[in-house]
Each structure stands twice: as structure tokens, then as C-alpha cells.
Amino acid sequence: MKKPYYITTAIAYTSGKPHIGNSYEIVLADAIARYKRAEGYDVFFQTGTDEHGQKVEEKAKEKGVTPKELVDGIAGEIKSICDCLNCSYDRFIRTTDKDHERQVQKIFRKFYDQGDIYKGSYEGLYCTPCESFWTESQLVDGKCPDCGREVKPAKEEAYFFKMSKYADRLIEYINTHPEFIQPVSRKNEMMNNFLLPGLQDLCVSRSSFKWGIPVDFDPGHVVYVWVDALSNYITGIGYDADGNSSEMYKKYWPADLHLIGKDIVRFHTIYWPIFLMALGEPLPKQVFGHPWLLSGDGKMSKSRGNVLYADDLVKFFGVDAVRYFMIHEMPFENDGSITWDLMTERINSDLANILGNLVNRTISMCNKYFGGMVENKGVEGAEDADLKAVVTGTYKKVAEKMSKLRVADAVTEIFTLFKRCNKYIDETTPWVLAKNEADKDRLATVLYNLVESISIGAALIAPFLPSTGEKIARMLNTNLREFDTLETFGLFPNGMVTDAPEQLFARIDPEAVKAEAERIKAVQQAEFNKEAGLPEAAPEENAINVELKPEITYDDFAKLQFAVGEIIKCEEVPKSKKLLCSQVKIGNMTKQIVSGIKSSYSASEMVGKKVMVLLNLKPATLAGVTSEGMLLCAEDPDGKLALLAPERDMPSGAEIS
């Protein structure tokens, strides 16, 4: 009988189409689920959507549709993203599913009946996007500490859960179960920032909006997100608060792994365990808070034109190429970075060169030298022992990495196998062996060793790149190997490989990537303008071709200090046809700035202008005159200059950021 394994992702909020950073989690979970199935586990993999709340209600009103119509559309879009990434979930749960809603009402009533929740009122500062109340002391620069957005004062009647009732029990559990919260840095954060200072009672119902699961004994209230959304992990597999849980629930709970983003660790390692304790149910075995996948050096935003969507990337690069990048490039604890250029580089170097080229030339040589026949002639060479040691030792290394959820490291180990195969080709030089009839059996053995090694590698890579693993096995005219055979070399049966190897990964043209990235950026900008009510940009007949300089980081930008300055005096620089020397008042200081703008401005018309100044530029000497900064200008193709000035009248010294 197979051992059960239950893995979940956080359910996605139906506020909009998920970007690639959101989609990373479902791919990571799918890779783990597929790997566990290959290891022989009976896996149940659940994902889905969180569909209630004030934000949905407000957005539906803006669009002139019902909340259910809105979430139906967005949930369908989220599910299609999961499907386009070839994710093998067993249930896609929606919090509007009737079985879920019924159980949430029962759970809420059970909490009330046993005295875990009470009715009160809440007054605080509310962040609608995060659906969270905050006190003044919890804000960061006056804004929501989680998302950085504006908060608004709010007061309403609500039910509260007595968190402190279970706090000591949870602290003890975490201390005695070091594997519960991973990575360890997340555990330390929860203990030191939330649990040890003391838990406040938690708001678990709302009465200021209607789009939620009604509290059946108090219809003016709807169940708040924490009880509603978090309960999906048990309602989805048949939990019943009345004690009649399904055989599926008894089989799979407690969950082996809750895979979530690092920003929601608190909800899953404090609120959720306490709810389970109140229900008398065991806690999940592990909660892993993964880092974020960022676009370049920052978060994704349509206004910046840097949002990447999985379906766009899949259409251009292919499913397994996108999966490979997402899985392989994400560090264990630190945030990862994705850009079009980085994807192109990784696909060309790893997938096309290392893996694709290895499979193609191995099968091609089998056909060229032996008509596609693969046969182990048993003629060993000095190079064989190390190849076999690397190949048969890979599974153990991969298993060790996967046991610690170091998925990127596991994939690296598999590609070490493929690299060793390429090195083996260089060592054995099959094309040289083919020239001598006496070396034919050795050549056959070399090719057999390569095919055997690739078949083991294909089985190992299949959980991460499912289509690729299957394609390789198909081209070798075999099935994917069982994991319990991967430490034994020589099991590949003598036989025929395909006579027409399929290209696994084509090299990507960087210019084509650049064009596609620009096209999508333009589309996003147009969408952002439309959503923001901005006019569409009319195409310019003589638009300037902007050549981008190398990218900088925010840290680079932050080194520059810009401010509003007022020109109080300006003179021509003697013996210069281009330079004007301005005395610029910037707050409580005056700087002398020399600028090459004489062709566009006279000294007299400069006086009194409010301008934008770069303050901390290293002083320079121009035509014998010291310059202590720079005035910012725009320049047209004919060299005509225009000083940049603030849109509204601003005092000199006002910071520009």
C-alpha cells in the first residue's frame, strides 16, 4: 500500500490575473508532487482560489457585475494558467464551492459554541488590498506594513478569536517540532516578532460588506478571510466539523506540506495552527515559506511595464523552458530574478547546449554508426567507471536535496549528470572510434553507456520538466525508469532508438526576444493607461529612437540627489560659445552651475527660473570656471534644449525623488 502524501499551495486571491511570480508557487508544488509520485507515494495535490472579501465586492461594483460573475472569470483565468504550466493538481478548490462554504459555517459555529470566539467591535486602520486591520504603531511610514498602501480608519462590529488561549501551546509545538516552519529564518521571525511578544485577539468576521460566507447564527456578519480561506486545506479533502469526516480526510490529513509565499507565513504558522488546535485536529507536518520571484530587481507592475505572465512566456519559450527557469533559478531563501534576457541565456546554455545537444547527438550517432541499434558489447574503457559513478550516484544526491526542499539544487545535480555525459563524449571521441573496425564494439559500448545514462537522467528530470522527460524516453523507445532502478547501471535493454531525434530545445535568438519583450511592454502600458483612465498615446510620425543605456539598480539611482533650484543670477562664461554660469539657490545653499545651454537660453531669461538640479555631482572645471552640479534638460534631435521644471510651483530645495 502506497504511503499518502498531501501537498497544497496557498489559494490565489481572485483580484486579477496572476503574474509569473505568483505562478512560481504552483510550478514548485507540482514538481514536488510529481517527484513524490515517482518515489512511490500516493499524492494528493490541491490548489485553488480565495474568492470572498471586500476587495472583490468593490471591484465587482466598479465593473458593473456581481461578485460571483467576477470571481468566476478570474478563477477560470487562474486555473488556465495552472493548466498551461502543465500542473498535475488533484483538486482546484474554490472558496465559493458549496461543500467548502457549508463546512466553514460549521467551523465558525463550533468555535463560537466552545467559547473560542466572541462578539465585539473593531476600530483601527484598515488596508483593503490586504484585508487587514492595523494599529498606528504597526504602520510603516503611515502605511500598511505588508503592502505599503494607504490605510483608512474603520470601525465595525465583528467576532474575535481568542488567540492567546492557544499561544503557549503553539510556542511549545514549534519548539518541539523544528521541521514545522521552514526555512529556519521564517520560524525565528514568527517566534520573535509575533508569538513571544504576545498575540492579540483576531478579527474573524466582518459586517461592513456582504460578499462572504454568512455566519448562519448572525446573518449581519460574514466569515472573514482567515477562517474562510485557510480552512480550504481540510474542507477540500472532506473534513466535517460535526465529526463525520471522509475516508479521504482520514487518509491525507495532516498535510505533509503547505507551500506558501514568505509574505503569508504568519497566517499559516500562527492563525492556522491555532484554528486546528481549537478544532482538535493535528497540525500540518511542514509549512515552507518560499521567497519571491522578482522582475529584474523589483516587484512587477503594469505601470513599469515589467509584468511577466506565464502564458506569454510559455507561448514564446515553451512550457518546460519556463518551468526550468522558475525552478532552477529560485534560491532557497533569497528572492530570485527573472527577465527575458536571463531566460534566454539560461535556455540557450542549459537546455539547448547541455541537454538538447546531448540527446540529439547521442541518438544521431546511434543511427549513423549502428542504424539505430543500441547494444552493450561490454568493452569497457578507462572513462567508464567515473561516468557510471556519477550517473548512479545522482539519485541519492537528488533525494537528499528534495528531502530538504532544495529543489533548485536537486535540478542542478541532474544537470551535473548531463554535463558528465557530454564530457564522456569528449573523452571517448566516438567519431574517432568509428574510423576503426576493431573499435566497433567499444563504440557500441560507449553509445550504450550514453543511452543508459540519458535514460536515468530523463527519469530524474521528468518531475521538473514532464514533457521533456517523456520525449527523451520516447526517442529512446523506452518508458521512464522507476526510481528504485536509478542506482543500477546497465538495465537499458538492447534495442532501437528513434531514427529521427526530436529537437528538445532550440536556441533562442536574443533579437527576437527583445522584440517580443518590447511588444508585451507596449501592450501592458496601453492596458495600464486604459485602466487608469489615461488617454491613449498617439503614434508620433517622427518618434525619437531611444537607445537604452545599461540597466542600473535602485541603489545606483538612490546615490543621486535631485532638488528644485531657483536661478538667482546668470552670466555668460567668457571665451565660451556654449556655456552659461548660473548661481542656483537650493534651500539654504547656493551652488554655481555651468551649463552648455547658451544656444537655447540667454543669461537674462535664465534668472528667476525654477529648475531641476543634480546636487551631488562631483565638481568640475569648465572653461576655467568651477561647476558644482548639473541642470537637467531635455534635448530634441536638432539639439534644441529645454530646462526641466516642476509642474507646480515648488520651493527651492524641494526634494525630487
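Coordinate-derived values only; no laboratory data. These figures come from a predicted structure and were not determined experimentally. Methodologically, a virtual Cβ is constructed for each residue, glycine included, from the backbone with ideal geometry; neighbour enumeration extends over all protein chains shown.
Applying a 10 Å radius around every beta-carbon, put 449-458, 3-12, 376-385 in order of their mean neighbour count, most first.
Top of the packing list down: 449-458, 3-12, 376-385.
Per DSSP H run of at least 4 residues, take -39500 (n - 2.57); add these up for the chain, divide by its residues and hand me the 222 nm value, nearest 500 deg cm²/dmol.
-12000 deg cm²/dmol
List, in the order given, every pair from K59/K210; K585/K610; K98/K155; K165/K404; K598/K640; K388/K471 whose Cα-Cα distance in the structure shown is over 21 Å.
Beyond 21 Å: K98/K155; K165/K404; K388/K471.
Please work out how much length the chain gains when fully extended from R109 to E635, using 0.36 nm per residue of separation minus the C-alpha to C-alpha distance, in nm with one decimal.
Result: 182.5 nm gained on full extension.
Among N188, S576, N348, flag the residue with its Cα farthest along the positive direction of the charge dipole of the chain, charges on Cβ as +1 for Lys/Arg and -1 for Asp/Glu.
Highest projection toward the positive end goes to S576.
Which distance in nm do the two modelled labels at D201 and E647 give, with both placed 7 Å along the Cα-to-Cβ direction?
In this crude spin-label approximation the distance works out to 4.7 nm.
Give me the distance in nm between label points sitting 7 Å out from Cα along the Cα-to-Cβ direction at K68 and N494, one decimal.
Calculated label separation equals 6.7 nm.
Per residue, how much space in cubic angstrom lies within the convex hull of the C-alpha atoms of the chain?
Each residue corresponds to 222 Å³ of Cα convex hull volume.
Which value, in debye to the nearest 20, describes the size of the charge dipole of segment 560-656 about its Cα centre when Lys and Arg Cβ atoms bear +1, Asp and Glu Cβ atoms bear -1, and nothing else is charged?
300
Taking the Cα centre as origin and putting +1 on Lys and Arg beta-carbons and -1 on Asp and Glu beta-carbons, what dipole magnitude results for the chain, to the nearest 20 debye?
That gives a dipole near 540 debye.
If each residue of separation counts as 0.36 nm, what is the full-extension length gain between V432 and D218 once their alpha-carbon separation is subtracted?
Contour length minus Cα-Cα distance gives 68.7 nm.
For segment 313-396, what does the alpha-carbon gyration tensor say about shape, rounded, prolate or oblate, given a ≥ b ≥ c as the root eigenvalues, a/c under 1.5 as rounded, and a/b over b/c as prolate?
Oblate, since a/c reaches 1.5 and b/c is not below a/b.
Could you work out how far apart the two model spin labels at E189 and Y173 are, taking each label as a point 7 Å from the Cα in the direction of the beta carbon, and quote it in nm?
2.1
For segment 91-165 and segment 334-413, what is the separation of their C-alpha centers, rounded to whole Å?
For segment 91-165 versus segment 334-413, the Cα centre distance is 49 Å.
Determine the shape class of segment 387-451: with a ≥ b ≥ c the square roots of the Cα gyration tensor eigenvalues, call it rounded for a/c under 1.5, and otherwise prolate if a/b is greater than b/c, oblate otherwise.
Prolate, since a/c reaches 1.5 and a/b exceeds b/c.
Do you know the relative contact order of segment 55-150, to the nearest whole percent, from alpha carbon pairs under 8 angstrom that are 6+ apart?
It comes to 15 percent, rounded to a whole number.
How would segment 71-203 be classified by its alpha-carbon gyration tensor: rounded, prolate or oblate, with rounded meaning a/c under 1.5 and the a/b versus b/c comparison settling the rest?
Because its axes are fairly even, with a/c under 1.5, segment 71-203 counts as rounded.
By DSSP, what percent of the beta bridges with both residues in the chain are antiparallel, rounded to the nearest 5?
70
Rank these for me by crowding, S15, S403, going from fewest to most other beta carbons within 10 Å.
S403, S15
So which GluC sites (Glu not before Pro) in segment 601-657 pass both tests, a DSSP loop state and at most 14 other Cβ atoms within 10 Å of the Cβ?
Answer in residue order: E647.
What's the center-to-center distance, using Cα atoms, between segment 246-271 and segment 1-74 in Å?
13
Taking R0 as 41 Å, what's the FRET efficiency between R507 and V625 from their Cβ-Cβ distance, rounded to 0.05?
The value I calculate is 0.15.
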